[in-house]
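Below is one structure; the comments refer to it alone.
The values are calculated or read from the model by the stated rules, or taken from the named source; none is laboratory data. Source: prediction; values computed, not measured. FYI the Cβ positions are ideal-geometry reconstructions off the backbone, even for glycines, and counts take in every protein chain you see.
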Ligand SMILES: NC(=O)c1ccc[n+]([C@@H]2O[C@H](COP(=O)([O-])OP(=O)(O)OC[C@H]3O[C@@H](n4cnc5c(N)ncnc54)[C@H](OP(=O)(O)O)[C@@H]3O)[C@@H](O)[C@H]2O)c1
């Protein structure tokens with residue numbers, strides 16, 4: 001079955017590149033977006049070398065053309081780069097689903113919850129992109145630590161927050177494709193909770209000297 005293509009903006013980085021590997025291995029063609037098309041192409045080549053046979057292709061381009069090319073767009077850049085990056089990809093996102101992985105952190109206190117003025121980074125993204133883009137927040141709590149190791153199970157559930165049911169279904173499909181269990185976490189206004197939870201997880205990583213603590217939601221059927 002043909003899978004939709006995914007533009008991963010910031011797919012040159014730790015989190016985005018790990019998600020690229022998981023999705024390409026599951027059959028989703030990937031276009032990595034970067035400020036530098038050369039960097040995007042170099043990282044695409046590096047990631048292709050990690051893939052098993054029969055994976056979908058990974059290519060690379062500048063952020064704007066990458067967003068134009070993807071059927072679904074994933075935003076995976078530092079919060080400090082969100083506004084400038086969204087400005088580059090806004091035209092290419094119109095009419096599409098944008099899944100944001102972005103966590104608003106305020107260095108140096110990255111283990112302390114900080115909420116941006118609009119309540120969450122995801123709500124700021126929705127306001128900047130406009131109503132023709134359906135923004136969903138997901139993957140905030142999954143550490144990049146083992147994402148590129150395909151034989152390493154991902155020990156984290158994925159909270160999915162958004163206002164559009166179809167868009168949330170896309171993000172939940174992507175979580176399952178990457179070997180994770182998606183949980184509907186309600187409207188986009190709830191994105192502040194998974195975003196804030198990441199700061200808590202960073203503190204837990206430090207406290208317990210681990211690289212990738214995660215979350216599990218209990219009390220719901222795991223097959224749903
Ligand atoms: N790392 C994790 O374990 C993790 C876990 C959950 C969520 N997150 C969130 O996911 C997002 C990406 O995390 P990451 O660790 O992958 O970040 P990262 O590696 O620091 O950056 C990702 C990419 O964003 C672009 N970028 C970086 N600084 C920029 C700037 N000043 N202006 C414009 N673009 C810039 C770069 O791409 P180009 O140079 O190619 O343009 C970079 O490769 C963040 O919001 C993070 O909080 C991360």
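Exactly one residue out of 82, 45, 71, 88 is over 17 Å from the mean Cα position of the chain (by Cα) and within 17 Å of residue 129 (Cα to Cα), and it is 88.
Of the residues making up the stretch 123-137, one or more are closer than 27 Å to residue 166 by Cα, within 12 Å of the ligand (Cβ to nearest atom), part of a strand (DSSP E or B) and in contact with a helix residue (DSSP H, G or I) (Cβ under 6 Å, 6 or more places away or on another chain). Is there a residue being over 21 Å from residue 216 (Cβ atoms), more than 16 Å from the ligand (Cβ to nearest atom) and modelled with pLDDT of 95 or more anywhere in the stretch 138-149? Looking through the stretch 138-149, none of the residues is over 21 Å from residue 216 (Cβ atoms), more than 16 Å from the ligand (Cβ to nearest atom) and modelled with pLDDT of 95 or more. From the list 94, 82, 88, the one residue that fits, being within 14 Å of the ligand (Cβ to nearest atom) and either within 24 Å of residue 160 (Cβ to Cβ) or surrounded by 24 or more Cβ atoms within 10 Å (Cβ to Cβ) (or both), is 82. Can you pull out the residues in the stretch 25-41 that are more than 15 Å from the chain's Cα centre (by Cα), buried (at least 16 other Cβ atoms within 10 Å of the Cβ) and within 9 Å of the ligand (Cβ to nearest atom)? The answer is 35, 40. When you check residue 112 against the structure, is it within 16 Å of the chain's Cα centre (by Cα), in contact (Cβ under 8 Å) with a residue 40 or more places away in the chain and not in a helix (DSSP H, G or I), yes or no? Judged against the criteria, residue 112 is not a match. Counting only strands (runs of 3 or more DSSP E) that fall entirely inside the stretch 1-96 and contain at least 3 residues that are at pLDDT 95 or above, farther than 21 Å from residue 122 by Cα and touching a helix residue (DSSP H, G or I) at 6+ places or on another chain (Cβ under 6 Å), the qualifying elements are 58-62.
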